[in-house]
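Novice: Below you will find the structure I want to go over with you.
The values are calculated or read from the model by the stated rules, or taken from the named source; none is laboratory data. Values in this document were obtained by computation on a predicted structure and should not be read as measured data. Virtual Cβ from ideal backbone geometry, glycine too; neighbours counted across all protein chains shown. Ligands, DNA and RNA are excluded from the accessible area calculation, which covers all protein heavy atoms including side chains. Shrake-Rupley method; radii C 1.70, N 1.55, O 1.52, S 1.80 Å.
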Amino acid sequence: MNGIWEGIAFADLNNDGRDEVVAGSNSGTVYVLDSTVKVITSKPTSGSVCAINDLDGDGQKEIVIADGATVRVVNRNLAQLWSRTVGTNIGPVVVSDLDRNGRNEIILGADKLYVFEAQPLTAVRRAWLLYP
């Protein structure tokens, strides 16, 4: 594990009662580490780990990664489920159920404020664009 860490998030991904650590590195790899910091899995992919949350209501947590102007959602094994490219480099990313419909949205700042709701995660159900 070489390089500088780019985004770190914690959550119990495998429902064992202990948090795993998910971190990206500037060497182009994302890691999932167990509670003893042993590598569970890793995948060559660039980006900063922004959030971990159940995005589609299936009881499994997904991982949100931002890389330049692209936001990706991956599962606990780092397999990509969904991605979208926006206008400019992504700034802050937040996950929340804004409209209280039981599904979390991905909210991110770039050239606009983007709000994505994906259900299922393979397709964007709604996308709002808010201009400054």
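Novice: Filtering the stretch 26-40 down to residues that are part of a strand (DSSP E or B) and open to solvent by 40 Å² or more (accessible area, probe 1.4 Å), which residue is nearest to R103 (Cα to Cα)? Reasoning before the result, please.
Specialist: Narrowing the stretch 26-40 to residues part of a strand (DSSP E or B): 29-33, 39-40.
Filter again for open to solvent by 40 Å² or more (accessible area, probe 1.4 Å), leaving 39-40.
Working: V39: 30, I40: 28 Å.
Here the answer is I40.
Novice: Mind checking which pairs have a first residue in the stretch 1-25 that is open to solvent by less than 70 Å² (accessible area, probe 1.4 Å) and of a type in the set (S, T, N, Q) and a second that is assigned to a strand (DSSP E or B) and at pLDDT below 95, Cβ under 7 Å, 6 or more apart or different chains?
Specialist: If the second residue must be assigned to a strand (DSSP E or B) and at pLDDT below 95, the pairs left are S25/W5; S25/E6.
Yes/no matrix, rows are residues, columns are (1) under 16 Å from I8 (Cβ atoms); (2) modelled with pLDDT under 85; (3) of a type in the set (A, V, I, L, M, F, W, C); (4) open to solvent by less than 30 Å² (accessible area, probe 1.4 Å):
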{"residue": "G47", "(1), (2), (3), (4)": "yes, no, no, yes"}
{"residue": "A51", "(1), (2), (3), (4)": "yes, no, yes, yes"}
{"residue": "V71", "(1), (2), (3), (4)": "no, no, yes, yes"}
{"residue": "N75", "(1), (2), (3), (4)": "no, no, no, no"}
{"residue": "T85", "(1), (2), (3), (4)": "no, no, no, no"}
{"residue": "E117", "(1), (2), (3), (4)": "no, yes, no, yes"}
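Novice: Give the residues of the stretch 36-54 that are touching a strand residue (DSSP E or B) at 6+ places or on another chain (Cβ under 9 Å) and either charged (D, E, K, R) or over 20 Å from R18 (Cα atoms) (or both), sorted by residue number. So that I can check it myself, show each step before the final result.
Specialist: Within the stretch 36-54, the first condition is being touching a strand residue (DSSP E or B) at 6+ places or on another chain (Cβ under 9 Å), and the residues that meet it are 37, 39-54.
K43, P44, T45, S46, G47, S48, D54 - these are the residues of the stretch 36-54 that are touching a strand residue (DSSP E or B) at 6+ places or on another chain (Cβ under 9 Å) and either charged (D, E, K, R) or over 20 Å from R18 (Cα atoms) (or both).
Novice: Among the residues that make up the stretch 54-65, is at least one of them crowded, with 19+ Cβ neighbours inside 10 Å, more than 25 Å from Y114 (Cβ to Cβ) and modelled with pLDDT of 90 or more?
Specialist: The answer is no, given that none of the residues of the stretch 54-65 is crowded, with 19+ Cβ neighbours inside 10 Å, more than 25 Å from Y114 (Cβ to Cβ) and modelled with pLDDT of 90 or more.
Novice: Of the numbered conditions (1) among the charged types (D, E, K, R); (2) under 30 Å from N101 (Cβ atoms); (3) open to solvent by 50 Å² or more (accessible area, probe 1.4 Å), K43 fails exactly one; give the number of that condition.
Specialist: Result: K43 passes all but (2).
Novice: Could you figure out which of (1) buried (at least 20 other Cβ atoms within 10 Å of the Cβ); (2) without any contact (Cβ under 8 Å) to a residue 40 or more places away in the chain isn't true of I106?
Specialist: Just one mismatch for I106, condition (2).
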